[in-house]
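What follows is a set of notes on a single structure, which appears directly below.
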Amino acid sequence: MTQKPDRDIEKDYPLPDFIEKLRRLADALEQGKRFEIQIAGERISVPVRAICNIEHEREGEEEEIEFQIKWSAR
C-alpha cells in the first residue's frame, strides 16, 4: 500500500450541507458501516473501527468544538 501525502485541511460548508454530512455519518455509525465523504476534492473512506471523540478548546474570547474521527491506515 502506498503512503498518502500529509494533509491538513479545514473546509467550511453551508449549514444545510454540514447537516447532511452529519446525518450520513450518524446513519453509518448506527448501522456499523464504513462512512465515505469527499473533502476538498479527495474521497475519504472512514473504517468502522475508527474512534470518535469530541474536543473543546478555549482561547481568549474564542471557543471551538471539534467532532473528531481517528483511525490508522493499517
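The values are calculated or read from the model by the stated rules, or taken from the named source; none is laboratory data. Quantities reported herein were computed from a predicted structural model and do not represent experimental measurements. Note that each Cβ is placed from the backbone with ideal geometry, even for glycine, and that neighbours are counted across all protein chains shown. Calculation scope for accessible area: heavy atoms of the full protein, side chains included, ligands and nucleic acids excluded. Shrake-Rupley method; radii C 1.70, N 1.55, O 1.52, S 1.80 Å.
Ranking T2, S72, I19 by how far each Cα lies toward the positive end of the dipole of the chain (charges on Cβ) leaves T2 at the top. Accessible area per residue for the chain is 93 Å², calculated with a 1.4 Å probe on protein heavy atoms, without ligands, DNA or RNA.
The string of couplings for region 19-27 from the Karplus curve (6.51, -1.76, 1.60, θ = phi - 60°) is 4, 4, 5, 4, 5, 5, 4, 4, 4 Hz, one whole number per residue in order, with x for Gly and Pro.
Projecting label points 7 angstrom from Cα along Cα→Cβ for E30 and R74 puts them 3.4 nm apart.
Our coupling estimate for region 51-59, obtained by passing each phi through the Karplus curve with A = 6.51, B = -1.76, C = 1.60 and θ = phi - 60°, is 9, 9, 8, 10, 10, 10, 10, 9, 9 Hz, Gly and Pro reported as x.
Spatial offset of region 36-74 relative to region 1-30 amounts to 8 Å, using the alpha carbon center of each. For the peptides 25-38, 50-63, residues were scored by their other Cβ atoms within 10 Å and the scores averaged per peptide; the highest-first order is 25-38, 50-63.
Under the convention that each Lys and Arg Cβ holds +1 and each Asp and Glu Cβ holds -1, the size of the dipole of the chain around its Cα centre is about 860 debye.
Report the percentage of all Cα-Cα pairs in region 9-48 whose separation exceeds 17 Å, rounded to a whole percent. Considering region 9-48, 31 percent of its Cα-Cα pairs are separated by more than 17 Å. Under 5 Å from the amide H of I39 lie the amide H atoms of I44, each residue being 5 or more positions distant or on a separate chain, with H modelled from the backbone and absent for Pro and chain starts. Considering all alpha-carbon pairs of the chain, what whole percent are spaced by more than 19 angstrom? For the chain, the share of Cα pairs beyond 19 Å comes to 46 percent. Measure off, as a whole percent, the carbon and sulfur share of the 1.4 Å-probe accessible area of the chain, all protein chains present. Summing carbon and sulfur atoms, their accessible area is 50 percent of the total for the chain.
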